[in-house]
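The values are calculated or read from the model by the stated rules, or taken from the named source; none is laboratory data. In this text the structure is predicted, and so the values were computed from the model without any measurement. Glycine gets a Cβ as well: all are built from the backbone with ideal geometry, and neighbour counts include every protein chain shown.
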Ligand code: ZN
């Protein structure tokens, strides 16, 4: 448990990071992505990788790099009625360059707004179809546009044979066995989805760097979908060997906690998350695995089958402001991010306990009475005899403890919680009966 001064300091740092990164215009490629990763390098030693445009990655091709300097729509009086400098959401991401005069009739199909959320600028993209468009609030649409209007539109964007940028941090532990922690950073000024996830991942990584870990961690910051696909293609063998991890997204809203299960609901990553929630005393909504969602779609595909869970606070699709300008720093708070960070940290601690033990002598049964482990008539010798310390549990644990079955798998087979096995393993280690494999 962190003390209050430490927590306050982290909350302050999270706030600073949110404010610094929020205004940057990000997309699936471009300089905004590099700027974001460079800022994160002040928190963690991220390696920045570049995958060139045009490279084939499985069924996909890395697109040309997109950068934008400015964009606006002017009315006949020359007034800017839509201005990219005021919000980077005003331009459909990956819009091609344009400079022309258009009638309302010609322009209207390229204007995106939400009648049901009149104050919000929606977030739209056109990554794989060359197109352009503007997004604006329905209020502005009604105020500034009319059927007889003439408009001057300008998008100063550029496509180039550049690259797709990825951030990677490998944290080696005692075991080479890796957990994956992945987040996506391709959204422009949107706070919960997914700047909150980017910031949380950086601070979680910093915690992991400060401690000695049993396992290794592969932490990646990627543009959603194409970035995950490219990263998998570039690291296929390693990714195939990863059993589980997290996709960190939407962690800072004011709503209820939730978590999206990994593809196998009985997998220990899900048990770890549920235990973490229980221990922290937070209620949560459980979203079963679904093929819609984030980069678990790639990581869980048949070639990889990595079980990735997501712990959220206002999960994507579930909140009204999703993919609009109202998903901003008034909606997300540094305190909410910190609260989700505590659950992630606890879940990681539980994963850290998921070690492999082996018997120091695997042959035949251990002579329990010699080690003071055999319950005597009238009561067991362990503090919780009859429960976990019962003869059955001792015998089952020592039977299953073969160096190849992890603690969580043993817990699953014994139908007990993993963290309740930990005192038993500590005792067996102390008595020299088992050791870490
Ligand atoms: Zn999104």
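Report, by residue number, each residue of the range 3-40 that is free of Cβ contacts under 8 Å to residues at least 12 places away in the same chain and either out of contact with any strand residue (DSSP E or B) (no Cβ under 8 Å at 6 or more places or on another chain) or crowded, with 20+ Cβ neighbours inside 10 Å (or both).
3, 4, 5, 6, 8, 9, 16, 35
Condition check ((1) part of a helix (DSSP H, G or I); (2) within 30 Å of residue 95 (Cα to Cα); (3) within 19 Å of the chain's Cα centre (by Cα)) across all residues:
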| site | (1), (2), (3) |
| --- | --- |
| 8 | yes, no, no |
| 17 | yes, yes, yes |
| 26 | no, yes, yes |
| 37 | yes, yes, yes |
| 45 | no, no, yes |
| 54 | no, yes, no |
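Confirm whether residue 167 is at pLDDT 95 or above and closer than 30 Å to residue 352 by Cβ.
Values: at pLDDT 95 or above: yes; closer than 30 Å to residue 352 by Cβ: yes.
Yes: the conditions hold for residue 167.
If you check every pair at least six apart or on different chains, which have Cβ atoms under 6 Å apart with a residue in the range 177-192 that is more than 20 Å from residue 313 (Cβ to Cβ) and at pLDDT 95 or above first and a residue that is part of a loop (DSSP other than H, G, I, E, B) and near the ligand (Cβ under 9 Å from one of its atoms) second?
186/224
On the given criteria, is residue 50 without any contact (Cβ under 8 Å) to a residue 40 or more places away in the chain, over 15 Å from residue 187 (Cα atoms) and not in a helix (DSSP H, G or I)?
Values: without any contact (Cβ under 8 Å) to a residue 40 or more places away in the chain: no; over 15 Å from residue 187 (Cα atoms): yes; not in a helix (DSSP H, G or I): yes.
So residue 50 fails the test.
Given the structure, is residue 278 free of Cβ contacts under 8 Å to residues at least 40 places away in the same chain, part of a helix (DSSP H, G or I), closer than 26 Å to residue 14 by Cβ and out of contact with any strand residue (DSSP E or B) (no Cβ under 7 Å at 6 or more places or on another chain)? Steps first, answer last, please.
Details: free of Cβ contacts under 8 Å to residues at least 40 places away in the same chain: yes; part of a helix (DSSP H, G or I): yes; closer than 26 Å to residue 14 by Cβ: yes; out of contact with any strand residue (DSSP E or B) (no Cβ under 7 Å at 6 or more places or on another chain): yes.
When the stated conditions are applied, residue 278 passes them.
Filter the range 288-333 down to the residues that are buried (at least 22 other Cβ atoms within 10 Å of the Cβ) and away from the ligand (no atom under 16 Å from the Cβ), then identify the one that is nearest to residue 232 (Cα to Cα).
For the range 288-333, the residue satisfying everything is 299.
Which of the numbered conditions does residue 120 fail, given that it passes all the others? Conditions: (1) within 16 Å of the ligand (Cβ to nearest atom); (2) under 22 Å from residue 67 (Cβ atoms); (3) touching a residue at least 40 places away in the same chain (Cβ under 8 Å).
(2)
Please work out which one of (1) within 16 Å of the ligand (Cβ to nearest atom); (2) crowded, with 22+ Cβ neighbours inside 10 Å; (3) part of a helix (DSSP H, G or I) is the condition residue 347 fails and give its number.
It fails just one condition, (1).
Name the single residue that is surrounded by the most Cβ atoms within 10 Å (Cβ to Cβ) among those in the range 258-272 being more than 18 Å from residue 301 (Cα to Cα) and modelled with pLDDT of 95 or more.
Ranking the qualifying residues of the range 258-272, first place goes to 259.
Can you name the strands (runs of 3 or more DSSP E) wholly within the range 62-132 that have at least 1 residues being within 30 Å of residue 49 (Cβ to Cβ) and in contact with a strand residue (DSSP E or B) (Cβ under 9 Å, 6 or more places away or on another chain)? Reasoning before the result, please.
Details: elements: 65-74, 80-83, 98-103.
Counting at least 1 such residues, we get 65-74.
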